[in-house]
C-alpha cells in the first residue's frame, strides 16, 4: 500500500512531511527507536531537497511511503524535479578526524546511510 504527499520543497514544510511519515509508521506499529531513526533520515533528506534542489527558486517535492507486508518493511521515496545531485556518490567523511580537521558537510547523508537498511538515488 502506497500513500503520497505532494508539497512545496520548503524547509517550513518539514513538520508536515514528518507528520505524514509518522502517521504511516504508527499504522504499522513501528517501534519508537526505529521511528526516531527514520525521522532523522527524513529530516536530512527533505531539508537537502528544500535547500538545494531548486536553487533560489521553488518547486514541488513528492513523498511516498510504501508499506510492504511480507516481510513487513517500509519504503520512503522522495521525488523532486530540481538539479540532479547524488549525495551517495560523495565519499563518506572521515569520522576518525576531529571536528576541526574534518571537511564541512556530508555527515548528515553519512548518518542516513548508516541508520537505514538501504538508501538509493536515481
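The values are calculated or read from the model by the stated rules, or taken from the named source; none is laboratory data. The structure presented is a predicted model; accordingly, all values stated were derived computationally and were not measured. Ideal geometry is used to build each Cβ from the backbone, glycine not excepted, and the neighbour counts take in all protein chains shown.
Restricting 67, 62, 42 to those that are in a strand (DSSP E or B), at pLDDT 90 or above, within 22 Å of residue 20 (Cα to Cα) and within 16 Å of the chain's Cα centre (by Cα) reduces the list to 62. If I ask for residues that are on the phi > 0 side of the Ramachandran plot and at pLDDT 95 or above, which ones from region 11-31 would you list? Across region 11-31, there are no qualifying residues.
Exactly one residue among 56, 39, 70 is within 20 Å of residue 3 (Cβ to Cβ), surrounded by fewer than 14 Cβ atoms within 10 Å (Cβ to Cβ) and out of contact with any strand residue (DSSP E or B) (no Cβ under 7 Å at 6 or more places or on another chain), and that residue is 70. Reported count of residues in region 6-22, each being in contact with a strand residue (DSSP E or B) (Cβ under 8 Å, 6 or more places away or on another chain) and farther than 14 Å from residue 75 by Cα, is 7.
When residue 92 is tested against the conditions (1) at pLDDT 75 or above; (2) in contact with a helix residue (DSSP H, G or I) (Cβ under 7 Å, 6 or more places away or on another chain), the lone failure is (1).
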